Amino acid sequence: MPRFSVIVPAYKVQAYLHECLASVLEQSFTDLEVIAVDDGSPDACGEIIDEFAARDARVIPVHLDENVGLGRARNAGLKHATGDYVLFLDSDDSFTPGALRAIADRIKETGSPDVLLFDYARTFWDGREVRNQFAHLLSQEGAAPFQLADRPGLLKLLMVVWNKAYHREFIEREGFSFPPGYYEDTPWTYPVLMASETIATLDRVCVHYRQRRQGNILGTTSRKHFDIFDQYERVFEFLDQHPDLDAEWRAVMFRRMVDHLSTLYTKRGRLPRRSRAEFLRRARQHYARYRTPGAAVSRRTRLRHALVRLGSHRTYRTLWTALRVKQRVGRYAAAARRTLRAAALQLHYRIQLRLPVRADAAVFASYWGRGHGCNPGALEEAFREHAPHVRTAWIAAPEHHHTIPTATRRLTPGTAAYWTALARSKYLVNNVNFDRRLVKRPGQVMIQTQHGTPLKKMGLDLQDHPAAARGTDFGQLLRSVDKWDYVLSANRHSTLVWERVFPSSYTTLEYGYPRNDRLHRASPADVALIRAGLGIPEDAVAILYAPTHRDYRVTQRLPLDLERMLRTLGPRFVILSRAHHTYGEPLTRASGARLVDVSDHPSVESLCLAADALVTDYSSLMFDYACLDRPIVVHADDWEAYEASRGTYFDLRSFPPGAVARSEDELIDIFATGHWRGSRSAQLRAAFRARFCAYDDGRAGERVVRHVVLGERPQAPGPDAALPHQTPTPESHISPHPTGS
């Protein structure tokens, strides 16, 4: 008896079926059977299913003589299921890597519940992935398992069959099956959730829900959408047969039904034009038939419920048109207000430009309005320490204000205070460019800190790499460069690159990067405190995984199965996963204490201090992490594609900071055998540090302030100066055999 029976019905999906079945069979969790049902498909679906069955004994092919529809095809699959748990997967969707392992582990943790709900992400043809907007409802906090009454908000989730795992004994005991029809998921999912005595959740994306450009049956214009009425009749028949559930859930189901009917009615392109009045009359009949006392509705949906109750197509259409006109007028009015506000702010800015520059004021920003950090953040701290007479302010979006020190003034982009600071502060510090409308005044000093040592092509060098340039206005870029007075450089390599790709009359300060000062000043006690805050056990080996942005990809793609890596390396390893800041989502969902998503952590320097080793691909973080003299492993599985699309200044594989892995298996082997911290890795790291870290001694920020603000000419360590061995984390917890072998 396998642990899982995965039922995949297939009809006219030959272009997607191979990917779907492969996503199941290639899971790291292998105790499963796949029941692939050919629902009389006229294309090659049946042949594809037979090909998979011939290669893998876990595939059970089922061929139906005629097309019976999705619900009955699932029923045919259920007859062959022998697994402890049943899962359904639509044949144009796919499981994410490691999904079944995570589901199996969560089922075990929660005592084998009747139903386990997990998350999904919509995937689009252009590569975008959008996670379910109600993902927060799948939180694993609190008691588990539980009943639906304990967390009724779960009914807000998409009511589909494929985002759940069902205990087969529970399904058979209750006699659940799928009815025919268009909306067959409705009379399955609601009764299943209401009847289940034990429910658990898994806060992890397990299914990629493909959003097809065409061909989604629920998105077509058809009278088949009238099927929704029959399906809700089945839901209420179920409640009539279960009086104990009827008393608790009838009012909730009534509200859900009315919401569903009104949504379907108002959705453009669903109902044929001449059938809309008939649909609303049927909705009114269902409203009257199933109306339940106590079914209170929210203020937001009260009007929609009232119109369904009235059932007048003309009234609904009139009110809906009036509402749309009101919304359009509101949008025009809002646009006019924004235009007037922008004009008023620019007038305010022009007035401020005529007032004196404040010699005791400095304004800082980083990464287009993100929080306090990077080189500008370290330099702001150096200003307060070494030039306390200069008042500092930080520009950041409101959601990042909590990262700004209390001694620093907070500024929100686009406000009057923001424009005043840009107009009148003597010192302007950023690691990217300020607003292009900024007017550089005589007496103002602009410091461009940069935000990394360049491995990839930058500035004017991108003219030969259009995929990376993405329509960059190089003329505007050079106009911004002409405003710079000083540019910070971490090493001679950076100096030579900056002065060529950003040509102008600024002064280069080859003093090292201020953001690395903290890496040299941290004590073992500081590091222990950071690790404790991240939940890293004292004896654990923490790996920071931080890949960079890919110009040749629309979205980020995780090239590594981090859960597999952890399973192979053993329980002493912990992975801190950090997505590049250009992506708006994490690389992976945390799964337990050993895989921690740190994408939103405000300080990458803290993460570097917490980690015993860094795994990256081509991120400039490796140049900073090398200051710590700790192991670095480069995962270069797509170097040729990256170099072709972005361009690089040297071949990292020929001059790496440590061991180089060209595949996931090689990466795991490097850690399993101990090569990640072996003598050869140490030799490579020493040469890398000598070239790129000569100025990192913990005083870069001080040197910049003394030069720019105090008018001194501090001496930086010479390129031949001996590099300090900087490892503030005790290494006693790292055994000679890191995998425990």
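The values are calculated or read from the model by the stated rules, or taken from the named source; none is laboratory data. Computed from a predicted structure; not experimentally measured. Cβ atoms come from the backbone with ideal geometry, glycine included; neighbour counts cover every protein chain shown.
Is there any pair linking a residue in the stretch 257-280 that is in contact (Cβ under 8 Å) with a residue 24 or more places away in the chain to one that is exposed (fewer than 14 other Cβ atoms within 10 Å of the Cβ) and aliphatic (A, V, I, L, M), with Cβ under 7 Å and at least six apart or on different chains, and which?
Final answer for the pair search is none.
I need the full set of residues from the stretch 27-38 which are buried (at least 19 other Cβ atoms within 10 Å of the Cβ) and modelled with pLDDT of 95 or more, in order please.
Hits for the stretch 27-38 are LEU32, GLU33, VAL34, ILE35, ALA36, VAL37, ASP38.
Take the residues of the stretch 621-643 that are touching a residue at least 12 places away in the same chain (Cβ under 8 Å) and out of contact with any strand residue (DSSP E or B) (no Cβ under 8 Å at 6 or more places or on another chain): which is farthest from ALA540 (Cα to Cα)?
Among them, the one singled out is ALA641.
Restricting the search to the stretch 42-81, which residues are free of Cβ contacts under 8 Å to residues at least 12 places away in the same chain and closer than 14 Å to TYR11 by Cα?
GLU47
For residues that are assigned to a helix (DSSP H, G or I) and without any contact (Cβ under 8 Å) to a residue 24 or more places away in the chain, scanning just the stretch 481-527, find the one that is farthest from ALA700 (Cα to Cα).
So the residue we want is ALA525.
Could you please find all residues in the stretch 625-640 being under 22 Å from LEU562 (Cβ atoms) and of a type in the set (D, E, K, R)?
If the condition is that a residue be under 22 Å from LEU562 (Cβ atoms) and of a type in the set (D, E, K, R), then ARG630, ASP637, ASP638 are the ones that fit.
Could you list, in sequence order, the residues of the stretch 473-498 that are closer than 24 Å to HIS549 by Cα and more than 35 Å from the chain's Cα centre (by Cα)?
LEU496
Say whether the condition of being touching a Phe, Trp or Tyr at 6+ places or on another chain (Cβ under 7 Å) and either in a helix (DSSP H, G or I) or modelled with pLDDT of 90 or more (or both) is met by at least one residue in the stretch 317-329.
no
Of the numbered conditions (1) assigned to a loop (DSSP other than H, G, I, E, B); (2) out of contact with any Ser or Thr (no Cβ under 6 Å at 6 or more places or on another chain), PRO61 fails exactly one; give the number of that condition.
Failed condition: (1).
Which ones in the stretch 451-472 are of a type in the set (A, V, I, L, M, F, W, C), in a helix (DSSP H, G or I) and over 24 Å from the mean Cα position of the chain (by Cα)?
LEU460, LEU462
So in the stretch 403-422, with the set limited to residues that are out of contact with any strand residue (DSSP E or B) (no Cβ under 8 Å at 6 or more places or on another chain) and assigned to a helix (DSSP H, G or I), which one is farthest from VAL445 (Cα to Cα)?
Looking at residues that are out of contact with any strand residue (DSSP E or B) (no Cβ under 8 Å at 6 or more places or on another chain) and assigned to a helix (DSSP H, G or I), I get THR403.
When you go through ALA532, ALA593 one by one, which is the residue that is modelled with pLDDT of 90 or more and surrounded by fewer than 16 Cβ atoms within 10 Å (Cβ to Cβ)?
Checking each option against the conditions leaves just ALA532.
When you go through LEU340, LEU303 one by one, which is the residue that is assigned to a helix (DSSP H, G or I) and at pLDDT 75 or above?
Only one candidate passes the filter, namely LEU340.
Out of the stretch 117-173, which residues are without any contact (Cβ under 8 Å) to a residue 12 or more places away in the chain and in a loop (DSSP other than H, G, I, E, B)?
GLN133, GLU141, GLY142, ALA143
Taking the conditions exactly as written (at positive phi and touching a helix residue (DSSP H, G or I) at 6+ places or on another chain (Cβ under 8 Å)), does GLY535 satisfy them or not?
It is false that GLY535 is at positive phi and touching a helix residue (DSSP H, G or I) at 6+ places or on another chain (Cβ under 8 Å).
Would you mind telling me which numbered condition in (1) at pLDDT 95 or above; (2) touching a His at 6+ places or on another chain (Cβ under 7 Å); (3) crowded, with 20+ Cβ neighbours inside 10 Å LEU87 fails?
(2)
Could you tell me how many of the residues in the stretch 465-477 are under 30 Å from ALA694 (Cβ atoms) and out of contact with any Lys or Arg (no Cβ under 8 Å at 6 or more places or on another chain)?
Selection size over the stretch 465-477: 1.
With surrounded by fewer than 17 Cβ atoms within 10 Å (Cβ to Cβ), modelled with pLDDT of 90 or more, in contact with a Gly (Cβ under 7 Å, 6 or more places away or on another chain) and not aliphatic (A, V, I, L, M) as the only criterion, which of ARG500, ARG492, ARG521 stands out?
Going through ARG500, ARG492, ARG521 in turn, just one is surrounded by fewer than 17 Cβ atoms within 10 Å (Cβ to Cβ), modelled with pLDDT of 90 or more, in contact with a Gly (Cβ under 7 Å, 6 or more places away or on another chain) and not aliphatic (A, V, I, L, M): ARG521.
Any residue that is at pLDDT below 95, surrounded by 13 or more Cβ atoms within 10 Å (Cβ to Cβ) and not small (Gly, Ala, Ser) - is there at least one of those in the stretch 718-725?
yes
Checking LEU271 against (1) over 26 Å from VAL130 (Cα atoms); (2) hydrophobic (A, V, I, L, M, F, W, C); (3) part of a helix (DSSP H, G or I): exactly one of these is not met. Which one?
(3) is the only condition that LEU271 fails.
Check the stretch 358-371 and report whether any residue there is buried (at least 23 other Cβ atoms within 10 Å of the Cβ) and farther than 16 Å from ILE447 by Cβ.
No, the stretch 358-371 contains no residue that is buried (at least 23 other Cβ atoms within 10 Å of the Cβ) and farther than 16 Å from ILE447 by Cβ.
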